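Here it is, the structure, as structure tokens.
The values are calculated or read from the model by the stated rules, or taken from the named source; none is laboratory data. Bear in mind that the values here come from a model prediction, so they are computed numbers and not experimental data. Cβ placement follows ideal geometry from the backbone for every residue including glycine, while neighbour counts extend to all protein chains displayed.
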């Protein structure tokens, strides 16, 4: 039977601890760097689920919206894109035509100061150099009819989530990420955006 000194045992224990911490850090980086690949195809209303079309009938000027089918991993969704109250809007439904969320493109000044400060602090902690490319206020399905949800958005009765497209400088090169913050400015998740110029349609 081999003899292991207390000193050797302590060193071995420390090495195991360091190795475990390294594994945790590597796992965290892998999760944070998760890629998001989306493909969008222009489609006609004829292939959109019926209940999604009915919901869109409650949207002013809904006939001016264009339909897209979006593929993201195993997820299939249908998106109507157009203008609502003079702002670019995206209304997304799942594969069964159930409303998922409504996203309205906004200016930076539309974000309350306290929430904006918290978002900027999160981005600062990630990279010393970044540029916010796009801001969308995301309103999730509350179970109410579309017309009521839009009225609540218009009257600022719903607190939005904040979806940002951000260009970050990492290791000397800029990469694009999608960030999601909750209604109080807390970080929820982020994805590295993988460009697919052959499929993806910029909005």
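Could you count how many residues in the stretch 39-52 are in contact with a strand residue (DSSP E or B) (Cβ under 9 Å, 6 or more places away or on another chain) and surrounded by fewer than 19 Cβ atoms within 10 Å (Cβ to Cβ)?
Final tally of qualifying residues: 9.
For the stretch 117-130, give me each residue that is over 16 Å from the mean Cα position of the chain (by Cα), surrounded by 13 or more Cβ atoms within 10 Å (Cβ to Cβ) and without any contact (Cβ under 8 Å) to a residue 60 or more places away in the chain.
Taking the stretch 117-130 and keeping what is over 16 Å from the mean Cα position of the chain (by Cα), we get 117-118, 120-121, 124-130.
Narrowing further to those that are surrounded by 13 or more Cβ atoms within 10 Å (Cβ to Cβ): 118, 120, 126-127, 130.
Result: 120, 126, 127, 130.
If you check residue 70 against the conditions, is it under 17 Å from the mean Cα position of the chain (by Cα) and over 16 Å from residue 179 (Cα atoms)?
Values: under 17 Å from the mean Cα position of the chain (by Cα): yes; over 16 Å from residue 179 (Cα atoms): yes.
When the stated conditions are applied, residue 70 passes them.
Yes or no: the stretch 6-18 includes at least one residue that is loosely packed, with under 10 Cβ neighbours inside 10 Å and modelled with pLDDT of 80 or more.
No: the stretch 6-18 contains no residue that is loosely packed, with under 10 Cβ neighbours inside 10 Å and modelled with pLDDT of 80 or more.
Okay, moving on. Yes or no: the stretch 135-151 includes at least one residue that is within 24 Å of residue 117 (Cβ to Cβ), modelled with pLDDT under 95 and buried (at least 18 other Cβ atoms within 10 Å of the Cβ).
Within the stretch 135-151, none of the residues are within 24 Å of residue 117 (Cβ to Cβ), modelled with pLDDT under 95 and buried (at least 18 other Cβ atoms within 10 Å of the Cβ).
A further question on this structure: Scan (1) in contact with a helix residue (DSSP H, G or I) (Cβ under 8 Å, 6 or more places away or on another chain); (2) touching a residue at least 24 places away in the same chain (Cβ under 8 Å); (3) assigned to a loop (DSSP other than H, G, I, E, B) for the single condition residue 158 breaks and write down its number.
If we test residue 158 against (1) in contact with a helix residue (DSSP H, G or I) (Cβ under 8 Å, 6 or more places away or on another chain); (2) touching a residue at least 24 places away in the same chain (Cβ under 8 Å); (3) assigned to a loop (DSSP other than H, G, I, E, B), just (2) comes out false.
Can you pull out the residues in the stretch 101-116 that are in contact (Cβ under 8 Å) with a residue 12 or more places away in the chain and either outside any strand (DSSP E or B) or surrounded by fewer than 16 Cβ atoms within 10 Å (Cβ to Cβ) (or both)? Quick ask: steps written out before the conclusion?
Narrowing the stretch 101-116 to residues in contact (Cβ under 8 Å) with a residue 12 or more places away in the chain: 101-108, 110-111, 114-116.
Answer for the stretch 101-116, where residues must be in contact (Cβ under 8 Å) with a residue 12 or more places away in the chain and either outside any strand (DSSP E or B) or surrounded by fewer than 16 Cβ atoms within 10 Å (Cβ to Cβ) (or both): 106, 107, 108, 110, 111, 114, 115, 116.
Identify all residues within the stretch 29-62 that are modelled with pLDDT under 90 and in a loop (DSSP other than H, G, I, E, B); write none if there are none.
Within the stretch 29-62, the first condition is being modelled with pLDDT under 90, and the residues that meet it are 29-39.
Correct list: 33, 34, 37.
Just the residues that are loosely packed, with under 13 Cβ neighbours inside 10 Å and closer than 15 Å to residue 89 by Cα, please, taken from the stretch 152-175.
154 - this is the single residue of the stretch 152-175 that is loosely packed, with under 13 Cβ neighbours inside 10 Å and closer than 15 Å to residue 89 by Cα.
In the list 113, 117, 124, 94, which residue meets the criterion of being at pLDDT below 95, in the same structural domain as residue 189 (by TED's automatic domain parsing) and farther than 17 Å from residue 147 by Cβ? Full working, then the answer.
Numbers: 113 fails: at pLDDT below 95; 117 fails: at pLDDT below 95; 94 fails: at pLDDT below 95.
Result: 124 is the single residue among 113, 117, 124, 94 that is at pLDDT below 95, in the same structural domain as residue 189 (by TED's automatic domain parsing) and farther than 17 Å from residue 147 by Cβ.
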